[in-house]
1. Could you tell me whether GLY44 is touching a Lys or Arg at 6+ places or on another chain (Cβ under 9 Å) and in a loop (DSSP other than H, G, I, E, B)?
2. Just to be sure, is THR61 among the β-branched types (Val, Ile, Thr), more than 24 Å from MET166 (Cα to Cα), in the same structural domain as LYS179 (by TED's automatic domain parsing) and out of contact with any strand residue (DSSP E or B) (no Cβ under 7 Å at 6 or more places or on another chain)?
3. Could you list all residues from segment 53-69 that are surrounded by fewer than 19 Cβ atoms within 10 Å (Cβ to Cβ) and in a loop (DSSP other than H, G, I, E, B)?
4. Looking at segment 176-193, is at least one residue farther than 12 Å from PHE111 by Cα, assigned to a helix (DSSP H, G or I) and under 17 Å from the mean Cα position of the chain (by Cα)?
5. Can you find, within segment 58-91, the residue that is modelled with the lowest pLDDT among those that are closer than 25 Å to THR180 by Cα and in contact with a helix residue (DSSP H, G or I) (Cβ under 6 Å, 6 or more places away or on another chain)?
6. Hey, among the residues in segment 108-133 that are of a type in the set (Phe, Trp, Tyr) and touching a residue at least 40 places away in the same chain (Cβ under 8 Å), which one's surrounded by the fewest Cβ atoms within 10 Å (Cβ to Cβ)?
7. Being assigned to a helix (DSSP H, G or I) and crowded, with 17+ Cβ neighbours inside 10 Å is the filter here; which residues of segment 144-172 pass it?
8. Only residues that are loosely packed, with under 13 Cβ neighbours inside 10 Å, at pLDDT below 50 and charged (D, E, K, R): list them for segment 191-220, please.
Amino acid sequence: MTRKQRNILNFLALLFLLIVLPVAALYFLDMGVDYRKELLAELGDHGQAPEFSLVSVNGDTINQNSLKNHIALVNFMGFNQGSLQEDVKGQSLKKLNGQFGDREEVIFLNFISKSASDSLDFINVRSFLESNELETCEKCYFVFAGKSEMESLATDGFGMTFENGMNVLNNASLALCDKTGTIKRYYNLEDKADEQLLVRHVIMFLPAGEGREGDFEIIE
């Protein structure tokens, strides 16, 4: 290689380092900022999570303060109410637990209808956990409430609406709360696009840097 060729090569390398690389980095940075702005624009402020204090299937007391400093996925459901509980919500919770089950920031709060039999309630929850491989989900909280209290918490407290014959015991709805306890968005788990959007929103709320590292996949 001649001196002239080396000078040209050095010039091109310097041009790449000083101009092309910074411009490319700025471009991808802008893309990331724009993407985050788009995700934030899809979220809202639907008020604070309501006050409540209920006992979980494990005997722990869970209240609105349990949501603070966590990304909370809030779900209302009943058992023996049709296939939505087993097929839609069960499978969605299974996938979400696979994505975020090891994240301290993410909790799954499930309000379930209390029956006249404590033993039956326990059996139903255990069966649901086993069927959907959630037995080891330490952040899956199942709390009992009467139907009227559930209806009040869901509609008045969390601002959820149920359409097309759905109700607080049988639905495909889920609410997302951020670390301040603010209700940010509602999702229809029967809608794959909504389910995928939920994953993107949860990832966005994870801490930047090491806290956001992991093998995340958009649910298919």
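1. Yes; evaluated as a whole, the condition is true for this residue.
2. Answer is no for this residue.
3. Scanning segment 53-69 gives ASN58, GLY59, ASP60, LYS68, ASN69.
4. Yes, because at least one residue in segment 176-193 is farther than 12 Å from PHE111 by Cα, assigned to a helix (DSSP H, G or I) and under 17 Å from the mean Cα position of the chain (by Cα).
5. Checked segment 58-91; the qualifying residue modelled with the lowest pLDDT is MET77.
6. PHE122
7. Within segment 144-172, GLU149, MET150, GLU151, LEU153, ALA154, GLY157 meet the criteria.
8. If the condition is that a residue be loosely packed, with under 13 Cβ neighbours inside 10 Å, at pLDDT below 50 and charged (D, E, K, R), then GLU210, GLU213, ASP215, GLU220 are the ones that fit.
The values are calculated or read from the model by the stated rules, or taken from the named source; none is laboratory data. All values derive from a computational prediction rather than experimental measurement. Note that each Cβ is placed from the backbone with ideal geometry, even for glycine, and that neighbours are counted across all protein chains shown.
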